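Below is one structure; the comments refer to it alone.
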Amino acid sequence: MKLRPFEEQDVPALYTLWNRAAPAWGYAPMTPAQMDRAIFRNPHFDPSLALVLEDGSLHGFGCAAFGDDLPGGAQRGYLSCVVTDDATDAGFDLLLDGLEQALAAAGCTMADVLFFNPIHLPWIIPGTPGHTHNNVPGCWVDGPAYGRMRARGYDERARECAMYLKLGDFRLPAALQEKQNALAEQNYWIQLYDPAVHTDLEGLLKTLGNSEWEREISACAADGTPFLAALCGRSVVGFAGPVYPEPGGRGYFTGIGVAPAHEGRGLGTLLFYRLCEAEQAAGAQYMSLFTGEKNPARHIYQRAGFEVVRTFGILRKAL
């Protein structure tokens with residue numbers, strides 16, 4: 001097997017390799033258009049951090065990413081994928097060695113496998129009719145890469161649980177309806193955000209301190225993409241969304257946040273249930289998310305009917 005840098009002319013063969021080999025590594029098959037969008041036309045795709053394995057034909061592909069604009073800055077390298085149809089460890093080891101060396105040469109001091117990776121690769125949710133989640137939030141602990149990476153010095157720093165709910169006839173439980181009524185008596189409301197009526201969204205997003213939320217929800221407010229606002233009077237004190245059914249039927253959302261001064265009232269739980277309700281009304285067939293294995297929010301999701309469908313390890317190795 002020969003390891004060499006990725007070249008643009010490899011793209012057609014990589015489509016074939018991906019759909020032949022990637023499902024065994026936990027990834028979903030992709031059409032050429034989907035793979036172009038996810039990898040090759042991704043603004044963070046760097047050909048110098050992409051490698052192929054060949055022996056007359058392509059047998060492996062791996063890529064990584066880094067950038068000053070990403071969490072952790074340019075010192076943190078992100079391993080996006082290592083896929084091979086080689087039945088032995090040799091091909092995997094060659095690709096992983098090459099990617100680690102490329103990241104180190106770019107000035108990265110660590111290689112991470114976690115959800116901040118800017119190259120989002122979909123995977124099929126087990127036990128479903130081909131439903132997919134849009135991003136791999138770590139290294140699948142029951143998959144073929146996990147043990148190999150642990151043996152090569154990658155430390156597990158945390159675990160993420162991927163959770164799934166088929167929306168079907170989802171309804172707001174009676175207890176949550178009563179909670180909503182009680183909050184209304186305290187001048188708290190859950191409504192679709194209306195920039196002509198609601199105030200202080202910018203202040204909420206800055207208070208929450210999540211740059212991804214601030215970027216995406218601000219964009220939604222500007223272009224009219226719907227999302228839910230938790231309100232104290234007319235002031236926005238929380239959000240959930242956006243409400244956006246993806247083409248494959250998944251109810252996409254970026255997150256749920258409540259200002260610290262307004263926590264402890266059940267607003268986060270109510271926002272989540274109302275988000276599920278809104279996604280279903282908008283045509284979503286299912287919802288999926290990932291959360292820390294020890295995150296208390298996991299219990300909110302489970303009470304709403306979500307089930308853990310896959311577990312991922314957050315891995316890191318010093319370079």
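Using the heavy atoms of the protein chains and a 1.4 angstrom probe, tell me the accessible area per residue for the chain in square angstrom.
Value for the chain: 45 Å² per residue.
Once you list every other residue whose beta carbon is under 11 Å from the beta carbon of Arg148, what net charge do they have if Lys and Arg are +1 and Asp and Glu are -1?
With Lys, Arg at +1 and Asp, Glu at -1, the net is 0.
Please state the relative contact order of the chain as a whole percent: Cα pairs under 8 Å, 6+ residues apart?
The normalised contact order for the chain reaches 19 percent.
Build a GNM of the chain with springs between Cα atoms under 10 Å: which of Ala261, Ala278, Ala229 gets the top mean-square fluctuation?
Answer for the Gaussian network model of the chain: Ala261.
Expressed in nm to one decimal, what extension gain is obtained for the pair Lys294 and Glu8 from 0.36 nm per residue of sequence separation less their Cα-Cα distance?
98.7 nm
Can you grab the distance from the C-alpha centre of the stretch 128-181 to the C-alpha centre of the stretch 213-232, Å, no decimals?
24
Taking the Cα centre of each part, how many Å lie between the stretch 61-114 and the stretch 297-317?
25
Find which of Ala65, Thr132, Ala90 sits farthest along the positive direction of the dipole of the stretch 62-133, computed with +1 on the beta-carbon of Lys and Arg, -1 on that of Asp and Glu, about the Cα centre.
The residue sitting farthest along the positive end of the dipole is Thr132.
Report D for the stretch 22-156 in µm² per second (integer): Stokes-Einstein, Kirkwood Rh on Cα pairs, 10 °C, 1.306 mPa s.
Once the numbers are plugged in, D ends up at 104 µm²/s.
What's the carbon and sulfur percent of the chain's accessible surface, probe 1.4 angstrom, rounded to a whole number?
Exposed carbon and sulfur together represent 51 percent of the surface.
Counting alpha carbon pairs within less than 8 Å and at least 6 residues apart, what relative contact order, in whole percent, applies to the stretch 1-134?
Normalised by residue count, the contact order of the stretch 1-134 is 25 percent.
For Lys2, which aspartates and glutamates qualify as cross-link partners when the Cα separation must be under 20 Å and same-chain residues fewer than eight apart are set aside?
Reachable aspartates and glutamates: Asp10, Glu54, Asp55, Asp85, Asp86, Asp89, Asp93, Asp97, Glu100.
The values are calculated or read from the model by the stated rules, or taken from the named source; none is laboratory data. Since the structure is predicted, the reported quantities are computational estimates derived from the model, not experimental observations. Backbone-built Cβ (ideal geometry, glycine too); neighbour counts: all protein chains shown. Ligands, DNA and RNA are excluded from the accessible area calculation, which covers all protein heavy atoms including side chains. Shrake-Rupley method; radii C 1.70, N 1.55, O 1.52, S 1.80 Å.
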